[in-house]
Amino acid sequence: LRVGVTRVREDLEALLREPVAEITGKGRVGPPGARVVVGTEAVLHQVESASTVVFLELDQELLAPRYRAGEQALALLARASRLVGGRRGRVLVQTRHPDHAVIQAALRADPDPLAETESARRELLELPPVVPVAVVGGAAGDAYVGALRSAEGGTHLRFDRGPTGDWLVRAADRGVLLDALAAPPRPSGRLRLWIDPARLPT
């Protein structure tokens, strides 16, 4: 059962019979000196130390439809481990996938197997950092991609249109991609351009 952060805070307050603070990207609720703090990822960046960090639903991160979901989930676990002082504290994870490569990498404090798996997957799917990708969107996106195709001649770039209407532009080399993107004149209108973005259009 998925519950919101506020509901978790209220339940913990009733269970512990003490004030519990809540931290999200929107700010903080509750006393500043609270012994227990709940929240979104923002908690990991606003709390300086802890004896225990608990992830109630890490599967949301492990299975997120983002090509960088694995590395981002491992970064959260690493940040939590630093907050608890490594082996001096505890990081507890609720998951339905205890054998997931991210969980195993965190348990062993060894990201290399995850990196190897991710590299093979990204090579197969032609994703960064193996293959550089630019996402082109906005009202002027189509005109800009048209100018790119004309200027480049279609020999070094590959163009794919995503379901959201944004364009994915790939090249075998980052320098080739950047040079090609700089070549055509910018069309009038709003243009959005991301190089190796954290999220790809889905």
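The values are calculated or read from the model by the stated rules, or taken from the named source; none is laboratory data. Computed from a prediction, not measured in an experiment: that's the story for all the values here. Glycine gets a Cβ as well: all are built from the backbone with ideal geometry, and neighbour counts include every protein chain shown. What goes into the accessible areas is simple: the full protein's heavy atoms, side chains included, and nothing from ligands, DNA or RNA. Shrake-Rupley method; radii C 1.70, N 1.55, O 1.52, S 1.80 Å.
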Consider Pro19 carefully, then state whether it is in contact with an Asp or Glu (Cβ under 7 Å, 6 or more places away or on another chain) and without any contact (Cβ under 8 Å) to a residue 40 or more places away in the chain. yes
Filter segment 64-94 down to residues that are within 22 Å of Asp112 (Cβ to Cβ) and not hydroxyl-bearing (Ser, Thr, Tyr), then give me how many there are. 19
Which condition number in (1) open to solvent by less than 70 Å² (accessible area, probe 1.4 Å); (2) of a type in the set (A, V, I, L, M, F, W, C); (3) part of a helix (DSSP H, G or I) is the one that Leu124 fails? (1)
For residues in segment 128-145 being more than 22 Å from Leu191 (Cα to Cα) and of a type in the set (A, V, I, L, M), which is surrounded by the fewest Cβ atoms within 10 Å (Cβ to Cβ)? Val130
Of everything in segment 151-182 that's assigned to a loop (DSSP other than H, G, I, E, B) and open to solvent by 70 Å² or more (accessible area, probe 1.4 Å), which residue is farthest from Arg68 (Cα to Cα)? Thr155
State all residues of segment 56-71 that are without any contact (Cβ under 8 Å) to a residue 60 or more places away in the chain, within 24 Å of Pro128 (Cα to Cα) and open to solvent by 40 Å² or more (accessible area, probe 1.4 Å); if no residue qualifies, say none. Gln60, Glu61, Leu63, Glu71
Every residue from segment 116-170 that is under 30 Å from His100 (Cβ atoms), out of contact with any helix residue (DSSP H, G or I) (no Cβ under 8 Å at 6 or more places or on another chain) and without any contact (Cβ under 8 Å) to a residue 12 or more places away in the chain: Glu116, Ser119, Ala120, Arg121, Glu123, Leu124, Asp160
Looking at Ser188, is it farther than 18 Å from Leu125 by Cβ, hydroxyl-bearing (Ser, Thr, Tyr) and either in contact with a Leu (Cβ under 7 Å, 6 or more places away or on another chain) or not in a helix (DSSP H, G or I) (or both)? yes
Among residues belonging to segment 72-94 that are assigned to a helix (DSSP H, G or I) and touching a strand residue (DSSP E or B) at 6+ places or on another chain (Cβ under 8 Å), point out the one that is surrounded by the fewest Cβ atoms within 10 Å (Cβ to Cβ). Ser81
Matching residues in segment 39-66 - criterion: being closer than 28 Å to Leu125 by Cα and among the aromatic types (Phe, Trp, Tyr): none
Leu148, sole failed condition from (1) more than 19 Å from the chain's Cα centre (by Cα); (2) surrounded by 11 or more Cβ atoms within 10 Å (Cβ to Cβ); (3) of a type outside the set (Gly, Ala, Ser); (4) outside any helix (DSSP H, G or I): (4)
Collect the residues in segment 13-55 that are part of a strand (DSSP E or B), over 23 Å from Arg87 (Cα atoms) and either among the hydrophobic types (A, V, I, L, M, F, W, C) or open to solvent by 60 Å² or more (accessible area, probe 1.4 Å) (or both), keeping them in residue-number order. Val20, Ala21, Ile23, Arg28, Val29
The residue from Ala134, Ala105 that alone is outside any strand (DSSP E or B) and within 19 Å of the chain's Cα centre (by Cα) is Ala105
